[in-house]
Amino acid sequence: MCVKLKKLTPEVVRDKIVVIRVDFNVPVKSGSIVDNTRIMAALPTFQFLLENKVKRIHVLTHLGRPNGQVVDDLSTNILASELERLLGETVEFQKDFTVGSERIQMHENVRFWAGNKDNSPEFLKKLSHLGGEVFVMDAFAVAHREEASITGLPSFLPAYPGLLVTKEVDALSPFMIEETMSGLCIVMGGAKLKTKIPVLTHFAQFAEHMFLGGALANTFRMAQGYEIGKSFYEEEYIDTAREIFDIAKEHNTHIHLPIDVVCAEDEESSQVEVFDVEKVSQSMSIFDIGPKAIRQFCEGLRNARSILWNGPVGMIEKPAFEEGTRAILTCIAEQKSAKTVLGGGDTLKALHAFGVSESRFSHVSTGGGAMLEFLEGKDLPGITPLLA
Ligand code: 3PG
């Protein structure tokens, strides 16, 4: 699958009123932004618009899931201040969709209006009062959602991808094209298998190796008949895990589960024990991959031509169980000849927690669910209007 996008050129935006949809859904704690990565990632598009003399920019974003209600803690006011600080240009905050006087205006959380989710004509009418002449979609992380501010605006405005969306699509597309997938290694972790089944099924057909860690690997262990003690697993997906093994076998894709694991009686316990995978004690739960598994995964990754990683391989919230993820992260960062792509909220959390610079990877995606859906080959509703 080849995704070819339209190009945002100076001619498209010069002297125009631009409505831009970004994903500034950043973590906020006690009224402060904890991590501004997603805002930083969209800055090049703002700089492009300003350099190319747009008349006005109206910024739309969501923050959290207020579900059509006004939730004070989820106001985008704080995002307007951060954007202003980062751009060094005044950003005027608007409580609704009225037009103010500044060149850059950020509007209140679009998810405060139920009509955004429903893509209602009434809400689109409100958005039309902004007087937009061009719609720039730069919210890759939410491109898998059908919302008025994502899929409704292109019904009445010419739509173009922002520079971030273009960068994401360019970086992720090679993972969708069969010819470029030889030597591909997937590292997949995280707690829940459910959201990752389609992407695992997809790569079971194309990857050379798949390394599975995190709690999701437990369901695969169960499918192979291993004892996993009291570990979390998803009973309803054991058959799916077996099917993924079958698909992988048919396509000569090697699925690797950790050969040893770090266990404890519960996640609060600092008394940890390492077991070979076939010897996990019945009274224990698995919380990380073990030292032999770190070597096993890293040796496999060393020969990769491209690596895609989504989801920590251990419970990184607890220092006793972060070693596996830290080691895999370092190992991927050290691969000089492979194309390395990371994505997903928890993966980024690990990256920042362990102080590894994004510049050590070919691409760090801002998308979580959107990245997975893109990689499984779905047409994302937010991307479709941007196709060339
Ligand atoms: C994300 O954080 O992954 C995106 O902003 C999408 O958020 P949503 O799952 O609430 O639509």
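Residues of region 317-363 that are of a type in the set (A, V, I, L, M), away from the ligand (no atom under 16 Å from the Cβ) and not in a helix (DSSP H, G or I): 338, 341, 356. Put simply, of 269, 285 the only residue that is polar (S, T, N, Q) and under 18 Å from residue 312 (Cα atoms) is 285.
In the set 380, 386, only one residue is within 19 Å of residue 167 (Cβ to Cβ), within 14 Å of the ligand (Cβ to nearest atom) and hydrophobic (A, V, I, L, M, F, W, C); that residue is 380. In the set (1) crowded, with 23+ Cβ neighbours inside 10 Å; (2) within 16 Å of the ligand (Cβ to nearest atom); (3) within 19 Å of residue 149 (Cα to Cα), the condition left unmet by residue 69 is number (1). If we scan region 43-62, do we find a residue that is within 13 Å of the ligand (Cβ to nearest atom) and either free of Cβ contacts under 8 Å to residues at least 60 places away in the same chain or open to solvent by 10 Å² or more (accessible area, probe 1.4 Å) (or both)? No, there is no match, as no residue in region 43-62 is within 13 Å of the ligand (Cβ to nearest atom) and either free of Cβ contacts under 8 Å to residues at least 60 places away in the same chain or open to solvent by 10 Å² or more (accessible area, probe 1.4 Å) (or both). Of the set (1) of a type outside the set (Ser, Thr, Tyr); (2) farther than 30 Å from residue 154 by Cβ; (3) within 16 Å of the ligand (Cβ to nearest atom), all apply to residue 375 but (2). Only residues that are within 16 Å of the ligand (Cβ to nearest atom) and within 21 Å of residue 128 (Cα to Cα) were counted in region 4-42, giving 4.
What helices (runs of 4 or more DSSP H), lying completely within region 216-316, carry at least 2 residues that are surrounded by fewer than 18 Cβ atoms within 10 Å (Cβ to Cβ)? By residue number, 238-250, 291-302.
Limited to region 1-35, what total is found for residues that are open to solvent by less than 40 Å² (accessible area, probe 1.4 Å) and in a loop (DSSP other than H, G, I, E, B)? Qualifying residue count for the region: 7. Do the conditions hold for residue 136, that is, is it in contact with a helix residue (DSSP H, G or I) (Cβ under 9 Å, 6 or more places away or on another chain) and in a helix (DSSP H, G or I)? Against the criterion (in contact with a helix residue (DSSP H, G or I) (Cβ under 9 Å, 6 or more places away or on another chain) and in a helix (DSSP H, G or I)), residue 136 does not qualify.
The values are calculated or read from the model by the stated rules, or taken from the named source; none is laboratory data. Since the structure is predicted, the reported quantities are computational estimates derived from the model, not experimental observations. Glycine gets a Cβ as well: all are built from the backbone with ideal geometry, and neighbour counts include every protein chain shown. Keep in mind that these areas ignore ligands, DNA and RNA; they rest on the heavy atoms of the full protein, side chains included. Shrake-Rupley method; radii C 1.70, N 1.55, O 1.52, S 1.80 Å.
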